[in-house]
Structures are given as structure tokens and as C-alpha cells.
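The values are calculated or read from the model by the stated rules, or taken from the named source; none is laboratory data. All of these numbers come straight from a predicted model, not from anything done at the bench. Quick reminder, even Gly has a Cβ in these numbers, built from the backbone with ideal geometry, and neighbours come from all protein chains shown.
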Amino acid sequence: MPHDASHTEADDDRILYNLIVVRNQQARDSEEWQKLNYDIYTLRQMRRKVRNKWKRILEDLGFQKEADSLLSVTKLSTISDSENTRKAREMLLKLAEETTIFPAGWQLSERYLFVVDRLIALDAAEEFFKTACRTYPRKPGGPCLADDQKELHRLPSP
């Protein structure tokens, strides 16, 4: 498995791990190895870009020293309570629908569910959402919709 400080066994981690395992079974520099290596590189770059967007917003909100620890998710990470889980899922879906903080077609990661839960506990989730809307709007120049303007679709519970 990856040995980064924020490792968790979420779906995106398993996908990356499986790509690495399959690539390592190929003859080095073969066409299949090169294709898998490119896919691994691309996935890592996408994940890095998403993390950098989150970090930028956290730093803009004044969490310069805490940004890395807020983004760090491990197997030992827990959600604060079930009410926050529901709120975190709704907020994560709103972020995916109304901002470009995640790339198109990105499968929502469990990692960011934990991060949003932490933001809710810090009473910073709404401000994070507003900043994400301003910094990474889905439609250029278009503000995100307020809670009362749109009914949220729910993410399935784990």
C-alpha cells in the first residue's frame, strides 16, 4: 500500500494500489507497463491537485499550521458523530456539484468525508464551502446555490 502520511484504505487508495500491483507484474518498459505507469502517474497527479485545492482553501481560512493535519486521514480516523456524518455527506456532495474542487467524474473519496467532518466540528464547514465556491466555481462568475435554493441529493451511507 502507499506509504504517505495521509494513507487510508478508501476506494481511491485501493484503485491506486491495484494499478501498482498490476504494473509491477509487467515487464519493465513494456507497452502495458508504460500504460499502467502513466495511469498511476495521472491518478497521483489528480489526487495531488485535489489535495492542493483543499489545502489552499484551508490556508485561506486561517488554518495555515493545521491544514496538513486536517487533511491527514488514516485507518484510525473516526467521524465525530452520526449527525455530522449526514452533514458531511451533504456538504461533500454540494462541493462536488457546485464547485470544481474535484475533477469531473471524480468518485467522492471517503478521505474528504473525514475532512468535512472535522470542519463541521470546528464550525468552519460553511465558510469552507463559500470559499470553495468563490475560488473554484462550477460556472465562471456564477455563485453557488444557497441551502434554501436547492434540495440536496444524498450520498449512499457506507
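Once segment 99-141 is narrowed to residues that are among the polar types (S, T, N, Q) and part of a loop (DSSP other than H, G, I, E, B), the residue that is nearest to the chain's Cα centre (by Cα) is S109. With respect to being at pLDDT below 90 and either exposed (fewer than 13 other Cβ atoms within 10 Å of the Cβ) or farther than 21 Å from I15 by Cα (or both), P158 fits the description. Among residues of segment 84-98 that are in contact (Cβ under 8 Å) with a residue 60 or more places away in the chain, those with a beta-carbon under 7 Å from a residue that is among the hydrophobic types (A, V, I, L, M, F, W, C) and part of a helix (DSSP H, G or I) at least six positions away or on a different chain give the pairs R89/L113; L92/L113; L92/V116. Based on this model, can you work out whether S82 counts as farther than 17 Å from A132 by Cα, within 14 Å of the chain's Cα centre (by Cα) and not basic (K, R)? Judged against the criteria, S82 is not a match. Residue pairs whose Cβ atoms lie under 8 Å apart, separated by 6 or more positions or on different chains, with the first residue in segment 103-126 and over 22 Å from D13 (Cα atoms) and surrounded by 18 or more Cβ atoms within 10 Å (Cβ to Cβ) and the second at pLDDT below 95 and of a type in the set (S, T, N, Q), are I120/S80; I120/N84. Please list, ordered by first then second residue, the pairs with beta carbon atoms under 6 Å, 6 or more apart or interchain, first in segment 11-30 and under 16 Å from R44 (Cα atoms), second among the aromatic types (F, W, Y) and surrounded by fewer than 17 Cβ atoms within 10 Å (Cβ to Cβ). Partner pairs satisfying both residue conditions: R23/W33.
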